[in-house]
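Comments concern the structure below.
The values are calculated or read from the model by the stated rules, or taken from the named source; none is laboratory data. These numbers were taken from a predicted model, which means no experiment stands behind them. Cβ coordinates were reconstructed from backbone atoms using ideal geometry, including for glycine residues, and neighbour counts include every protein chain displayed.
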Amino acid sequence: MTSQNQIILKAMRAGDVLTPLDSLSRFSCFRLASRISDLRKQGIEIQDSFVHENGKKYKRYWIKKEPVIQTLV
């Protein structure tokens, strides 16, 4: 069985930026901040920022893409 942590990590590694509402609608996860905390404890570097919108304040989370290093042959 795939855990919520694994599903969330896979989505962020694919480039998705997640908010608590995204997490609830896509993964039936009510506690995105807790899942992010779990992933950070595993050493995963997750970026976040606050969003202020329509009088509401919430966080969005993503994984920073590493630049692809190409070698010349």
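The table that follows gives values for the structure above.
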read-out	value
Matching residues in the range 27-58 - criterion: being within 16 Å of ALA11 (Cβ to Cβ) and in contact with a Leu (Cβ under 8 Å, 6 or more places away or on another chain)	LEU32, LEU39, ILE44, ILE46
Residues of the range 2-35 classified as under 18 Å from LYS56 (Cα atoms) and either buried (at least 16 other Cβ atoms within 10 Å of the Cβ) or touching a Pro at 6+ places or on another chain (Cβ under 6 Å) (or both), total	5
Near pairs, Cβ below 6 angstrom, 6+ apart or cross-chain, from the range 24-50 (in contact (Cβ under 8 Å) with a residue 12 or more places away in the chain) to any residue that is hydrophobic (A, V, I, L, M, F, W, C) and assigned to a strand (DSSP E or B)	GLN47/TRP62
Unmet requirement for HIS52, which otherwise passes all of (1) in a helix (DSSP H, G or I); (2) over 12 Å from the mean Cα position of the chain (by Cα); (3) not hydrophobic (A, V, I, L, M, F, W, C)	(1)
Among the residues listed as LYS56, LYS41, LYS65, the single one being loosely packed, with under 12 Cβ neighbours inside 10 Å and at pLDDT 95 or above	LYS41
Filter result for THR2 (β-branched (Val, Ile, Thr), out of contact with any Asp or Glu (no Cβ under 9 Å at 6 or more places or on another chain) and modelled with pLDDT under 95)	yes
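Rundown of residues vs (1) charged (D, E, K, R); (2) assigned to a helix (DSSP H, G or I); (3) under 11 Å from the mean Cα position of the chain (by Cα), yes/no style:
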site	(1), (2), (3)
LYS10	yes, yes, yes
ASP22	yes, yes, yes
ILE36	no, yes, yes
LEU39	no, yes, yes
GLU45	yes, no, yes
